[in-house]
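The values are calculated or read from the model by the stated rules, or taken from the named source; none is laboratory data. Just so we're clear, the structure is a prediction, and the values are computed from it rather than from any experiment. All Cβ positions, glycine included, derive from the backbone under ideal geometry; neighbour counts span all protein chains shown. Accessible surface is based on the protein model in full, side chains and every heavy atom, while ligands, DNA and RNA are left aside. Shrake-Rupley method; radii C 1.70, N 1.55, O 1.52, S 1.80 Å.
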Amino acid sequence: MTRSRNVRQWSKKKQVHALEVATERWKVLTKVLAVVDALKKEKEHVTPLKRLEILRPQLGLTKPNKVAHFVSRSPQLFEVCRDSRGVMWAGLSPQAEALVEEEARLLEDHSRTAAEYVTRLLMMSVDRRLAIDKIAHFRRDMGLPHDFKTRWVHMFPEQFRVVRLEDGDYLELVSWNPNWAVTELEKKTAALTGDANANGIGSPPGELSLSFPMKFPPNFTSYYKFYGKVHHYVKKGNTEQFQKTTYLSPYSEARGLTPGSPEFDKRAVAVMHEVLNFTLEKRLVIDHLTYFCREFVMPQKLMRLLLKHYGIFYVYERGKRFSVFLTKSYDGTKLIEKCPLVRWKEKVLQLTRYRGRIKNLGKFAELFDSEDYLFGNDDSSSATDSILDVKSEDSDDIMDDGALADDTEMDVGDLSDCCIE
């Protein structure tokens, strides 16, 4: 992958404020949903705060931030209580419980669509199978249920099946559906032209000659000067040539393509474009895409290709991880087409104290992991913070399987008036 220092220098000069804000919102939501998921796994959706503190790395909360402070700043989602022995507990609020039930219904409604997208991922792969652990990285992004690896993968035997190989469990394609071997870009082009057979729709996948939609921020210039030299983000001639290049459909056999050739690169762009269209928010962590370089016949230096095609994709550097957006899918900070699961996430975000703005775009990368920055900080929270000073403890006190030890059963004697608002 391209060296992170070079990527930062590149991306800072092409920052799009609206998409930076959209990523900030996603970051907050990811952390909140991680805490919700952790509590859902506990008996009665309640657990000692010290357990959440131990799970902090998995929750995406970096030091010196404390889980106790984080949950206390979303009182409409989380309730924090102290029992008669002084042990602090955290649980889901009634509003959060209702949202959890709503999500389960929405995921069930989305199952057929998710099954189609997973099937199409298998159809794009060279061996027509993918490791289940790799697909699991797309769980939230594609709207897959929480029991994806245990129950859901067995629900559509006419489309795919689980096979066990030496290196783990795989999902394997059962039957090829020609109606699904059509890219989202082909469908949109056909809808615009009114030609159902445009670009071979309904035919076996083959060569395509479609241009990818591009979008640039206001006042965009195609170059910048660095140490007196002109560097181009987008070279008009190169872009026009790229858009005119014919390429193999993501659903066609790609083993014979020459790495580094224009056809190879454009097909890789088409694959990434298709996968991003399968996601709820048309956005992915780039690490999750790189897991599939071999299976989808894409270059190892995926970041370089994404940066090269600025206008089709927008790359955002989030701490040590990078995200990629489909630029045409956003209008400012807002996703243009929202499915019910996206609207559900927006409901969750409304119940946090997320303030939804960036003070200083130039410095916000350093501030991004600060709870005070994400949720705001005021003097009224200082008393609560002092009460919630829960220190991280050794994991010896917690059972390995994630369940609470028998001797940590909650003392409910004094809980009636201990909830912290």
| Hey, residue 139 hits all of (1) closer than 21 Å to residue 290 by Cα; (2) surrounded by 15 or more Cβ atoms within 10 Å (Cβ to Cβ); (3) over 24 Å from the mean Cα position of the chain (by Cα) but one; which does it fall short on? | (3)
| query | Residues in the stretch 287-326 that are touching a helix residue (DSSP H, G or I) at 6+ places or on another chain (Cβ under 7 Å) and touching a residue at least 40 places away in the same chain (Cβ under 8 Å): how many? | reply | 24
| said: Looking only at the stretch 131-168, filter to residues that are in a loop (DSSP other than H, G, I, E, B) and among the basic types (Lys, Arg); which one of those is nearest to residue 277 (Cα to Cα)? | reply: 149
| Restricting attention to the stretch 310-328, does a residue exist that is open to solvent by less than 40 Å² (accessible area, probe 1.4 Å), closer than 30 Å to residue 78 by Cβ and modelled with pLDDT of 90 or more? | yes
| For the stretch 76-109, which residues satisfy the criterion of being open to solvent by less than 70 Å² (accessible area, probe 1.4 Å), touching a residue at least 60 places away in the same chain (Cβ under 8 Å) and more than 27 Å from the chain's Cα centre (by Cα)? | 80, 81, 83, 84, 87, 88, 89
| task | Go through the stretch 167-191 and count every residue that is farther than 21 Å from residue 339 by Cβ and either acidic (Asp, Glu) or open to solvent by 30 Å² or more (accessible area, probe 1.4 Å) (or both). | result | 10
| field | Residue under evaluation residue 216, criteria (1) modelled with pLDDT of 65 or more; (2) open to solvent by 100 Å² or more (accessible area, probe 1.4 Å), criterion not met | value | (2)
| Looking at (1) closer than 23 Å to residue 335 by Cβ; (2) under 20 Å from the mean Cα position of the chain (by Cα); (3) at pLDDT 95 or above, which is the only condition residue 28 fails? | (3)
| remark: Per the filter on the stretch 75-95, residues in contact with a Leu (Cβ under 7 Å, 6 or more places away or on another chain) and either closer than 13 Å to residue 44 by Cβ or of a type in the set (S, T, N, Q) (or both) are 76, 81, 89, 90, 91, 92, 93, 95
| query | Just checking, how many residues over the stretch 41-71 are open to solvent by 20 Å² or more (accessible area, probe 1.4 Å), of a type in the set (S, T, N, Q) and outside any loop (DSSP other than H, G, I, E, B)? | reply | 1
| Does residue 131 satisfy the criteria of being modelled with pLDDT of 95 or more and either within 20 Å of the chain's Cα centre (by Cα) or of a type in the set (Asp, Glu) (or both)? | yes
| query | Does residue 107 satisfy being in contact with a Pro (Cβ under 7 Å, 6 or more places away or on another chain) and closer than 23 Å to residue 30 by Cβ? | reply | yes
| request: With the condition kept exactly as written, say whether any residue in the stretch 293-300 is of a type in the set (A, V, I, L, M, F, W, C), in contact with a strand residue (DSSP E or B) (Cβ under 9 Å, 6 or more places away or on another chain) and on the phi < 0 side of the Ramachandran plot. | output: no
| request: Answer with yes or no whether residue 281 is within 17 Å of residue 330 (Cα to Cα) and either open to solvent by less than 20 Å² (accessible area, probe 1.4 Å) or of a type in the set (Asp, Glu) (or both). | output: yes
| request: Might you let me know whether the stretch 153-166 holds any residue that is open to solvent by less than 50 Å² (accessible area, probe 1.4 Å), touching a residue at least 12 places away in the same chain (Cβ under 8 Å) and under 20 Å from residue 33 (Cα atoms)? | output: no
| In the stretch 111-136, the residues that are open to solvent by 10 Å² or more (accessible area, probe 1.4 Å), in contact with a helix residue (DSSP H, G or I) (Cβ under 6 Å, 6 or more places away or on another chain) and farther than 16 Å from residue 164 by Cα | 117
